[in-house]
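What follows is calculated from the coordinates using simple rules that are stated; it is not laboratory data. Bear in mind the structure is a predicted one, so any value in this text is a computation, not a measurement. With ideal geometry, Cβ positions are generated from the backbone for all residues, glycine too; neighbour counts draw on all protein chains shown.
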Amino acid sequence: MRVPSGGRPVKEVGEFPLIDMIDGVVSATLPRRLRMGIGDDAAVWRPRPGRDLVFTTDILVQNVHFRLDWMDWQAVGHKALAVNLSDVAAMGAQPRLALVSLALTGSERDREVTDLFRGMNALGRRHGVVVAGGDLSASPNGVIVSVTVIGETSAGRRAVMTRDGARPGDIIGVTGPLGMAAAGLRVFQQQLLTLDGNPAMREAYSRPKPRVREGRLLARAGVRAAMDLSDGLLGDLPKMCQASGVSAVIDIARVPIPNAIKWNFDDWFDLALRGGEDYELLFTAPPAVFARVCRAFRLAGLHGPWRIGEIVKAGAKGPEVKIREASGKVEEVESGAYTHWG
Ligand SMILES: Nc1ncnc2c1ncn2[C@@H]1O[C@H](COP(=O)(O)OP(=O)(O)OP(=O)(O)O)[C@@H](O)[C@H]1O
Ligand SMILES: Cc1ncc(C[n+]2csc(CCOP(=O)(O)O)c2C)c(N)n1
Ligand SMILES: [Mg+2]
């Protein structure tokens, strides 16, 4: 039997305070070449001036992140790599290598495991990424897929985009619609298989598209602040505001939330802004840089970006996110979206 050793249960501490506690243990002395440690979408290591390497890792746990009666094995492979590519994209870097650790119960078929790697490889090929290694282990309670991706910035290119680069006066942009993956999760959970538009929702949940090209174009256009939206806009934007010491006003009428979501779900606001797993990029930029981004996206044939609000100075209460209603009225909104252990 496990003897309680003191301390609080982590489900009471919460995911983000726990990260702060880990940070407190490991971040006392960091080498100068580590340009970014805990706190952003990826760690940044500068082996020499003019070249940054980025490192990120994300884990998918059966029945926490995916269910095998909802997703086939190729989709699990796709999603496990996609969520990592998304973090590299958020830094504005080019992903190169993936390491894949897999824990299996033993009853899976060899064919299912190779399917997982087929799904991963197909996505990797589209973004110039190869699987370069990994690890295998047993897992008594379901499949675990942990992927690490390494990326690089081009020599001489501007520095990576970070969460602490947002400044008052910046426009806030996103690279695509919000809420489709959360709607897909709802479709699976409630078996809404006759709902209008449900195949696109299930696809958004099962096979998110990492915005790798968009991330590189943002960085090249001079964007300094970006992150990817994994936990939902009202979970992630407050993190960016906190890191940058600024507040944000979101124009709700400008947020690209598909009509299929607004028309089908009464709780569309929470679904789209707190549901998570969109894997779109959230960025902020001064108006001139934002205009450059719009031009670059148009020339590259990419959709967006969508302008959804602006960064303002933090008030007396410190960094916060507010919502501008369609009427023009600005209202406070509770921060918070998906977190582990509720
Ligand atoms: N177990 C851990 N050990 C060290 N650092 C961690 C650990 N878990 C998270 N972090 C770090 O905490 C920071 C914040 O994590 P957060 O979950 O907000 O971002 P993320 O990794 O982009 O999210 P997601 O997991 O949704 O992709 C990241 O820099 C991450 O590397
Ligand atoms: C079966 C099943 N149940 C619930 C969810 C919802 N969910 C799980 S993790 C997460 C946020 C990002 O995760 P992380 O912060 O770990 O990267 C969300 C919205 C799901 N995907 N699958
Ligand atoms: Mg991220």
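Treat the count of other C-beta atoms within 10 Å as a stand-in for reagent exposure and order 101, 244, 86 from fewest to most.
101, 244, 86
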Practice item. Set Lys and Arg Cβ to +1 and Asp and Glu Cβ to -1, take the dipole of segment 74-168 about its Cα centre, and tell me which of 106, 146, 85 lies farthest positive. Key: 85
Revision key, fill the gap. Expressed as a whole-number percentage, the relative contact order of segment 33-152 with C-alpha contacts under 8 angstrom and at least six residues apart is 36 percent
Review point. Net charge near residue 172, counting Lys/Arg +1 and Asp/Glu -1 over other residues with Cβ under 11 Å of its Cβ?
Key: -1
Revision key, fill the gap. Using alpha carbon centers only, segment 27-65 is separated from segment 172-242 by a whole-angstrom value of 22 Å
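Taking only C-alpha pairs under 8 Å that are 6+ residues apart, what is the relative contact order of the chain in percent?
The value is 21 percent.
Give the order of 79, 239, 317 when sorted by the count of other beta carbons within 10 angstrom, beginning with the fewest.
Starting with the residue having the fewest Cβ neighbours, the order is 317, 239, 79.
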Review point. Of all trypsin sites (Lys or Arg not before Pro) in segment 98-153, which ones are in loop regions per DSSP and have a Cβ with at most 15 other Cβ atoms within 10 Å?
Key: 109
**Study point:** Inverse of mean 1/r across different Cα pairs in segment 171-332, Kirkwood, Å
**Key:** 16.2 Å
Revision key, fill the gap. For residue 104, the net charge from surrounding residues (Cβ-Cβ under 15 Å; K, R +1; D, E -1) works out to -3
**Study point:** Cα gyration tensor category, rounded, prolate or oblate, for segment 232-302 with a/c compared to 1.5
**Key:** oblate
Review point. What shape does segment 33-152 have by the C-alpha gyration tensor, where a ≥ b ≥ c are the square roots of the eigenvalues, rounded means a/c under 1.5, and otherwise prolate means a/b greater than b/c and oblate the rest?
Key: prolate
Study note, to complete from the structure: Where a ≥ b ≥ c are root eigenvalues of the Cα gyration tensor, a/c under 1.5 meaning rounded, otherwise prolate if a/b exceeds b/c and oblate otherwise, segment 291-334 counts as prolate
Point to revise | Burial ordering of 12, 108, 310, fewest other beta-carbon atoms within 10 Å first | key: 12, 108, 310
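Dipole size in debye (nearest 20) for segment 171-332 around its Cα centre, Lys and Arg Cβ +1, Asp and Glu Cβ -1? If you can, show how the numbers build up before the last one.
Working: 22 positive and 18 negative charges, 169 e Å.
Around 800 debye, computed over segment 171-332.
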Check your understanding: What relative contact order, as a whole-number percentage, does segment 171-332 give when Cα pairs under 8 Å and 6 or more residues apart are counted?
Key -> 41 percent
Exercise for review: Would you be so kind as to identify which of 326, 268, 243 lies farthest towards the positive end of the dipole of segment 171-332, taking Lys and Arg as +1 and Asp and Glu as -1 on Cβ and the Cα centre as origin?
Suggested key: 243
Review point. Near the amide H of residue 35, under 5 Å away, which other amide H atoms are found, from residues 5 or more places off or on another chain, if H is placed in the peptide plane?
Key: 44, 45, 46
Exercise for review: Report the charge-dipole magnitude of segment 282-341 in Debye, nearest 20, computed about the Cα centre from +1 at each Lys and Arg Cβ and -1 at each Asp and Glu Cβ.
Suggested key: 400 debye
**Study point:** Fraction of alpha-carbon pairs over 22 Å apart in segment 115-242 - percent
**Key:** 55 percent
Practice item. Evaluate segment 136-200: find the radius of gyration of its Cα atoms, find its Kirkwood radius, and give the ratio Rg to Rh. Key: 1.14
Review point. When the distances between all Cα atoms of the chain are binned every 10 Å from zero, what whole-number percent does each bin get?
Key: 5, 24, 34, 26, 9, 1, 0
Practice item. Would you work out the charge dipole size for the chain about its Cα centre, treating the Cβ of every Lys and Arg as +1 and the Cβ of every Asp and Glu as -1, and quote it to the nearest 20 debye? Key: 1520 debye
Point to revise | For segment 33-152, with +1 on Lys and Arg beta carbons and -1 on Asp and Glu, the positive-most of 37, 76, 121 along the dipole | key: 37
